[in-house]
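The values are calculated or read from the model by the stated rules, or taken from the named source; none is laboratory data. This is a predicted model, so every value here is computed, not measured. FYI the Cβ positions are ideal-geometry reconstructions off the backbone, even for glycines, and counts take in every protein chain you see. Quick note on the areas: whole protein, heavy atoms, side chains included, nothing else; ligands and nucleic acids left out. Shrake-Rupley method; radii C 1.70, N 1.55, O 1.52, S 1.80 Å.
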Amino acid sequence: MTLAPARTSILPDRITTPTLRTFIRGVTSVDEVGAAERVAALSKRSIKRESKRAALDLIIRMMDLTTLEGKDTPGKVIQLSAKAVRPDPTDPTIPSVAAVCVYPAMVPYVVQATEGTGIHVASVATYFPSGQVDTKLKVQETRDVVAAGADEVDMVIDRGAFLSGEYFKVFDEVRRTKEAAGDAHLKVILETGELETLDNVRRASMLAMAAGADFIKTSTGKVSPAAKLDVTLVMLEAIRDFHDATGVKVGMKPAGGVRTSKDAMKYLLVLNETLGEGWMTPDWFRFGASSLLNDVLMQIRWLETGRYASPDYFTKD
Amino acid sequence: MSRLDVRKTYKLYIGGKFPRSESGRSYPALDKDGEVLARVAQGSRKDLRDAVRIARGAQSSWAGRTGYNRGQILYRIAETLEDRSGTFVEQLMATGSTKKQATDEVAAAIDRMVWYAGWPDKFAQIYGNLNPVAGPFFNISSPEATGVVGVIAPEQPGLLGLVSRLAPVLVPGNTVVLLASESNPMPAITFTEVLDTSDVPGGVVNVLTGFKDELIPFLADHMDVNAIDAGGASSEQAQRVQEGAVHNVKRVLLPGQGVAEQSPYRIAAFTETKTVWHPKGV
């Protein structure tokens, strides 16, 4: 089986299993100790008060407010959408989030609840979170969520296939999902917690980007560890190298495990240091989070009032 | 050959651990002659913030234990206090108590802890009630913990003052962020070691040493603190506590408010009353 190249010149004209394998093996390896040191150093940067408020607003604007639970109901999702539009009803200066991210069945409710607000509707697809079904079902699910109104699709890669060296299968699935998604933005979840090594993270990032990912995303949030700073750094560097090689810009979304404003600011720091200001917008960077929003709101309240805030004064969902 | 001194590092007590202040600061605790007794951690507003967050996290499970179990744990604190009484006597004498005064104070502190240890499974019987109502309902009121309570320990007496303020707050299931005596912090620090070895779950009592003037405004203003025992506050500090308390309507027990140190009213001061209506005759 062969495929035409998705969009990049770093792959040969005709993509086959051996060429992909050569491509993956050609991806340079990662210095794990160096990555850990780099993020540790960046984490110690102090951020001044004036910059903090701007960063907190940006974090909200970059947020994919997420609920991916078996117990999700239309009511909960509609409530979450209302919160996405107006995160703090008492403070109209606080911006809306970037998107609401839900399971496929919940998409119509989000579409309805966010109509006319400019908030994107993201749906997970390809049998999130495991992705362990036949490709044609995954493709069909992608078509369905886009038809239901999602303009962003968060797909999962088949980690089993990736780890056993079936790169072609992973590549092919991303590529066909991209086709099925059409105009909708495709975020490819690597589930880095299951990829074992940073070398694999870098390889999977390159593979996903070459196959047509608009965004690469760390995790489903269902596996521990989820987003980590060193993993994010490695993925950002992969994005930078991919951009250098092809001129194609790809976005990044750490998801799961980013719970505090302090953590989120560290991600922004790493982003700014690695990719620069061109990526410091909601178009190119997102946080997948649910509990992060309240923490950011509490930090803003603290900055504005000088009084430490209490979760009692913020909505739970 | 003489041994090298093994000097102890005195730290904060937050979440069942002994961290240094995030600020890295310390200040000297002086003895009765003005000599440096030890350097103790000078807690910062960020330490306070962390302590409140951890106290909040520990609150529901502490309140969720049976009163009987909380009583057992308070009694266990008294047992361990008894064990460490020698250290407390020494520390109190270093800051100016005579041997008799120090011994009496430690004994009184232990007895007070034992006294309060009897209350957790009894205070609800006193402050709860079956209210008569004009309708076919049982109307029942019962006291519950307020939540997270800030305790400003008095400057003196170093140990008894602390125990008298802390024990009644713990009885109904509140968790505590305690600002230790600034001029005489050593008994409070030793007391944290007692807490740590007395089955008190981590986060139920958090003790900060440091400067009250620096910490009180942040404690008073903190929206996640439900009540403050300002017994150890100066009049200016007490004023500041009241100003901060208005933002989330904290309960405040002021110094000299006339509640005896060994009294169930001290327990009631840190409870909320829950009233339920239940249909009768069904």
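Measuring with a 1.4 angstrom probe and ignoring ligands and nucleic acids, residue A:242 comes out at about 0 Å² accessible.
Between the Cα long axis of helix A:32-43 and the first principal axis of chain A there is an angle of about 20°, rounded to the nearest 10. About its Cα centre, the range B:19-119 has a charge dipole of approximately 620 debye under the convention of +1 per Lys or Arg Cβ and -1 per Asp or Glu Cβ, with nothing else charged. Entry note, the range B:26-279: relative contact order of 26 percent, from Cα contacts under 8 Å with a spacing of 6+ residues.
Remark: relative contact order (the range B:127-233) = 33 percent; criterion is Cα-Cα distance under 8 angstrom and separation of 6 or more residues.
Fully extending the segment from residue A:164 to residue A:130, taken as 0.36 nm per residue of separation minus the present Cα-Cα distance, adds 10.7 nm. Roughly what angle does helix A:229-246 make with the longest principal axis of chain A, taking Cα atoms, 0 to 90 degrees, to the nearest 10? For helix A:229-246, the angle is close to 50 degrees.
Cross-link check: pairs A:76/A:136; A:48/A:187; A:138/A:169; A:262/B:46; B:122/B:274 evaluated at a Cα-Cα cut-off of 22 Å; pairs beyond the cut-off: A:76/A:136; A:48/A:187.
Between the Cα long axis of helix A:74-85 and the first principal axis of chain A there is an angle of about 80°, rounded to the nearest 10.
Cross-link reach is defined here as a Cα-Cα straight distance under 13 Å, omitting same-chain residues fewer than 8 places apart; for residue B:32 the aspartates and glutamates meeting it are B:90. Just tell me, in residue order, which DSSP H segments of chain B are both 18 angstrom or longer along the helix axis (alpha-carbon based) and at least -0.5 in mean Kyte-Doolittle hydropathy. Going by DSSP H runs, the hits are B:99-117. From a point 7 Å beyond the Cα of residue A:16 in the direction of its Cβ, which residues of the range A:194-224 have a backbone N at a distance under 13 Å? Answer for this model: none. With both labels modelled 7 Å from their Cα along Cα-to-Cβ, the residue A:140 to residue B:6 distance reads 7.2 nm.
If you plug the beta carbon distance of residue B:23 and residue A:316 into 1/(1 + (r/R0)^6) with R0 = 30 Å, you get a FRET efficiency near 0.35.
For the pair residue A:115 and residue B:138, label points projected 7 Å from Cα toward Cβ lie 5.1 nm apart.
Taking all Cα pairs closer than 8 Å and separated by 6 or more residues, the relative contact order of the range A:65-108 comes to 49 percent.
Toward the positive end of the charge dipole of the protein assembly as shown, with +1 on the Cβ of Lys and Arg and -1 on the Cβ of Asp and Glu, the farthest Cα among B:231, A:218, A:292 is that of A:218. For the pair residue A:179 and residue B:65, label points projected 7 Å from Cα toward Cβ lie 6.4 nm apart.
On the beta carbon distance between residue A:147 and residue A:249, with R0 = 22 Å, the FRET formula returns roughly 0.20. When shorter helices are ignored and each DSSP H run of at least 4 residues is given -39500 (n - 2.57), the per-residue value for the protein assembly as shown at 222 nm works out to -14000 deg cm²/dmol.
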